[in-house]
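Structure, as structure tokens:
The values are calculated or read from the model by the stated rules, or taken from the named source; none is laboratory data. Please read all numbers here as calculations on a predicted model, not as lab measurements. Glycine gets a Cβ as well: all are built from the backbone with ideal geometry, and neighbour counts include every protein chain shown.
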């Protein structure tokens, strides 16, 4: 620490006049120092010629808070420990205040280092004695930034207001007189600023509105509610009118006047009026169209009722036709059975009698009558052929196997006959248990099997047929599959094959269905599904 030399009683007197640091800080109340909201430093100058020797002997908590440091970062340090601070006016100002023993206001200093946060500080220094100094400072960074931001915001707002061309922005005094306006207001109203400033806003209202006190009423409403918005006609300088939307805002309840935003809504009003006229015209057309639609709807109702009646009649007719077809099918089967019996019994017996007569005649003639014997043998062969033919015809009409032995035997016989006649292998898979079906189902299944085999013979070009008859739950399912060339079911529907129609009708009469599945090159499958009667299900043990 630098020291000052002295001698004699003069030096002793001067030394006794100098206060010690503890005495200086004691003169400041610790409670006051700690409670001060501003930063406070107590400096002691150890070398009157060197400002770097200003030593911090005391500091209040606010100083640490404002600088973002701790008390230990400052206490006992000298200005020389803050190299950047030496480049500011603070050291020399402190030294000058000690020399002149007068306080100094340093204004704002921008400062920051590794201990002290960057900021703007207002600094004042005042002497406590000839080598002690007090430093008071505040951090005004946020305040200055806010003020700068406010100024910039006000400037941007001013430029924005002045630059707005689509909206008229007015500043009115508490009485409603124009104080200022923007370029948009000048363009909208047609007045220059010097022509309108100081005039009352009533100059923009039509005469009737002015007489009705509308300008004053709008100002009063804005003062009461804070804002008032209305739409109405406004008058330009040239006397022309426009439809305006006006938003009037009271500034501090009207004490600082009003801000008025005015927009030209004439085009929107014209569009709205045009839209209203179009809407009225549309409503008229809708009413007219509704009347037409009501009439058409009534006509459609009549037509729908007629069609529904026709459909009911058609359904009734279809049911009658199906009932008739069922009856004809039953009569046909009965006739076939009757004719088959007649052929088998009557003609068969006649042929047998003829054969017996011919055999008797053959026994009666002599050996010399060779020509007559040859005729008799030829006739007997013809009778045998006739008996075979009659049996075949009778079987085609109604195989006795179906009536005598049941459906399974009839299907096996039909498959064997098909195989003999065509040479196409026919394999049947039948249930092990007896098929106790009613005559109608047995006949329908047999005839559908016959028709399927006929289609295989005519169209399939197959080498094998497999038929499967099974009972699944409450249904009888019969499949007939061939390995022929296959076909397209949709194409078959388009051709309206009578054979397929006949099979489908037989199934429909028994509440069943026939489905034909065919893929070109992969054969054809006929699937018949017929529901079983409850009695048949009981007999099948279902």
| field | Counted residues, region 417-442 - those being within 60 Å of the chain's Cα centre (by Cα) and under 28 Å from residue 474 (Cβ atoms) | value | 14
| remark: Wholly inside region 376-484, helices (runs of 4 or more DSSP H) that include 3 or more residues that are at pLDDT 80 or above are 407-422, 439-455
| task | Kindly indicate the residue of region 139-149 that is in contact with a strand residue (DSSP E or B) (Cβ under 9 Å, 6 or more places away or on another chain) and surrounded by fewer than 19 Cβ atoms within 10 Å (Cβ to Cβ) and also nearest to residue 99 (Cα to Cα) among those meeting that condition. | result | 140
| note | Restricting region 116-139 to residues that are under 21 Å from residue 52 (Cβ atoms) and not in a strand (DSSP E or B), the one farthest from the chain's Cα centre (by Cα) turns out to be 130
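If I filter region 21-63 down to residues being at pLDDT below 60 and closer than 27 Å to residue 86 by Cβ, which single residue comes out as surrounded by the most Cβ atoms within 10 Å (Cβ to Cβ)?
Top of the filtered list is 24.
Somewhere in region 172-180, is a residue assigned to a strand (DSSP E or B), at pLDDT below 85 and either outside the structural domain of residue 243 (by TED's automatic domain parsing) or under 30 Å from residue 243 (Cβ atoms) (or both)?
Taking every residue of region 172-180 in turn, at least one turns out to be assigned to a strand (DSSP E or B), at pLDDT below 85 and either outside the structural domain of residue 243 (by TED's automatic domain parsing) or under 30 Å from residue 243 (Cβ atoms) (or both).
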